[in-house]
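Reviewing the structure listed below.
The values are calculated or read from the model by the stated rules, or taken from the named source; none is laboratory data. Since we're looking at a predicted model, the values are computed, not measured. Ligands, DNA and RNA are stripped out before the accessible areas are found, and what is left, the full protein with its side chains, is counted by its heavy atoms. Shrake-Rupley method; radii C 1.70, N 1.55, O 1.52, S 1.80 Å.
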Amino acid sequence: MNRARRDRLILVGLIVTGVAVAVGLMLFALGQNVNLFYSPTQVARGEAPVGHTFRLGGMVVEGSVVRDPNSLKVQFALTDGAHEVVVQREGILPDLFREGQGIVAQGQLDGGGQFIAAEVLAKHDENYMPPEVEHAMETAKQLGLTKGK
Amino acid sequence: MLTRLYALASPPRFYRLADLWSRWLLWCGIALLLPGLWFSLLDSPPDYQQGESVRIMYVHVPAAWLSMFGYVCMATMAGIGLIFRSKAASAVAHSCAPAGAAFTFLALVTGSLWGKPMWGTWWIWDARLTSELVLLFLYFGYLGLKAAIEDREAAARATAVLALVGVVNIPIIHYSVEWWNTLHQGPTVTKLDKPSIHLSMLLPLLLMSFSYMALFGAMVLRRARGEILLRERNSGWVRELAMGEKA
């Protein structure tokens with residue numbers, strides 16, 4: 001490889017690594033701010049802003065969903081495995097909303113530590129399978145043949 | 001090996017070979033697309049969670065993969081063009097940009113159409129969606145910069161630097177769902193352990209992906225031929241070619 005080409009190769013390498021380091025530092029500095037939502041643990045630790053709108057993400061706790069029969073009011077708890085936050089929502093929920101589902105709610109904390117959601121979005125997981133397979137896996141789980149999913 | 005590559009990079013030789021390859025890739029792409037569409041839209045099972053809406057995945061996921069693959073191709077070819085002053089490599093880099101931008105646009109639109117029924121929103125500023133939008137703007141920036149500079153050599157150098165700078169976005173797109181919490185779900189096929197997608201859904205997805213890739217290659221090579229002709233229009237071999245076609 002002749003000298004001019006080698007110099008240009010080094011220059012290209014420097015550009016790419018330089019930009020990667022700069023952007024890497026920038027993203028590192030942004031840190032938590034790039035996250036879409038706060039977890040219930042962060043809320044419990046008081047890291048989430050009080051009196052400001054933010055997003056809260058977690059799994060809907062099994063058996064925690066309480067629907068008001070006369071209105072669209074729903075109450076449920078969100079967990080990240082360590083802590084739980086109770087969420088109040090009045091309005092339509094996405095089709096994928098169910099117990100055990102990951103969701104992201106946008107709203108504010110009230111004085112009592114409950115989260116008043118103005119918007120609820122459903123997360124879906126990265127697993128894709130036909131319903132029969134899911135049914136078979138559930139049955140196997142109930143029979144104790146497999147350890148969880 | 002290197003001398004062979006140099007010979008390939010000579011514009012007249014590349015012009016002829018690209019014609020042959022693009023034809024092959026086009027037919028391969030169509031041959032894969034037809035069974036791919038059949039399996040993905042009609043003859044594959046619905047998802048346990050998402051029902052029939054999961055079929056958007058077969059259009060969306062390959063488009064998103066190709067949007068990143070196209071950028072890596074573009075940046076690699078731009079880098080080779082910059083280092084070796086190769087006209088063929090620059091022409092390929094230039095022709096990756098519109099094709100890559102098209103796939104990025106397709107990924108964003110189908111993602112939005114998928115997001116509404118599944119998540120409950122058309123758009124959210126999470127790390128994955130935002131970095132993919134940045135990718136679209138990088139392609140637009142590349143095309144804009146190329147169009148703004150009259151001198152072809154200077155345009156090739158300037159766009160190559162832009163392409164190389166933008167390549168930092170590719171790992172960000174890929175790892176965005178792991179580094180930060182997002183509404184977009186994590187990787188399915190490319191994670192280290194077994195892919196968490198059932199075989200009956202993975203096969204149509206792979207068929208569609210290979211088809212997209214072949215069609216991308218065909219588009220890029222077709223366009224690269226045009227780029228080569230345009231850049232070499234004053235050279236002897238293009239004159240001969242034009243005279244030969246007239247006669």
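With contacts taken as Cα pairs under 8 Å at a separation of at least 6 residues, segment A:37-142 carries a relative contact order of 25 percent.
Ellipsoid semi-axes for segment B:172-234, based on the Cα gyration tensor and the rule √(5λ), read 36, 18, 8 Å when sorted largest first.
Taking the 1.4 Å solvent-accessible surface of segment B:1-46 as the whole, the part contributed by carbon and sulfur is 76%. Remark on segment A:46-68: accessible area falls by at least 10 square angstrom from chain-alone to full-complex state for A:R55, probe 1.4 angstrom.
Angle of helix B:57-84 to the longest C-alpha principal axis of chain B, folded into 0 to 90 degrees and rounded to 10: 30°. Under the classification rounded if a/c is under 1.5, otherwise prolate if a/b is larger than b/c and oblate if not, where does chain A fall, given a ≥ b ≥ c as square roots of the Cα gyration tensor eigenvalues? It comes out oblate by the Cα gyration axes. Helix A:131-142 axis versus longest C-alpha principal axis of chain A: approximately 70°, rounded to the nearest ten. Chain A and chain B together bury an accessible surface of about 3700 square angstrom, both sides counted, with a 1.4 Å probe and no ligands or nucleic acids included. Taking a temperature of 4 °C and a viscosity of 1.567 mPa s, what whole-number D in µm²/s does Stokes-Einstein yield for chain B with Rh from Kirkwood over alpha carbon pairs? It comes out at roughly 66 µm²/s.
Normalised per residue, the accessible area of the protein assembly as shown is 52 Å², obtained with a 1.4 Å probe and no contribution from ligands, DNA or RNA.
Listed by chain and number, the aspartates and glutamates placed with their C-alpha closer than 17 angstrom to that of B:K87 are B:D19, B:E150, B:D151, B:E153, B:E227, B:E232; residues fewer than eight positions away on the same chain are left out. Using every Cα-Cα pair within segment B:40-83, state what percent have a distance larger than 13 Å. Cα-Cα pairs in segment B:40-83 separated by more than 13 Å: 64 percent. Taking B:A63, B:A155, B:A97 as the candidate residues, the one with maximal mean-square fluctuation in a Gaussian network model of chain B, Cα springs under 10 Å, is B:A155. Solvent-accessible surface, computed for protein heavy atoms with a probe of 1.4 Å, shrinks by 40 Å² or more for the following residues of segment A:1-28 when the other protein chains are added to the isolated chain: A:R5, A:R8, A:V12, A:I15, A:V16, A:V19, A:L27.
Normalised by the residues of chain B, what does the relative contact order come to in percent, with Cα pairs under 8 Å and at least six apart?
This gives 34 percent for chain B.
At a threshold of 50 Å², the residues of segment B:60-84 that become less accessible to a 1.4 Å probe in the full protein assembly than in their chain on its own are B:I83, B:F84. Based on the alpha-carbon gyration tensor of the protein assembly as shown and its eigenvalue square roots a ≥ b ≥ c, which shape applies: rounded if a/c is under 1.5, prolate if not and a/b is larger than b/c, or oblate? It is prolate, given that a/c is not under 1.5 and a/b is the larger ratio. Taking 1.567 mPa s as the viscosity and 4 °C as the temperature, the Stokes-Einstein diffusion coefficient of segment B:1-146 based on its alpha-carbon Kirkwood radius rounds to 74 µm²/s. Highest mobility in the GNM of chain B, judged by mean-square fluctuation with C-alpha springs under 10 Å and restricted to B:P46, B:P204, B:P98, is found for B:P46. Quick one: among A:V86, A:V43, A:V21, which has the greatest mean-square fluctuation in a GNM of chain A with alpha-carbon springs under 10 angstrom? The residue with the greatest mean-square fluctuation here is A:V21.
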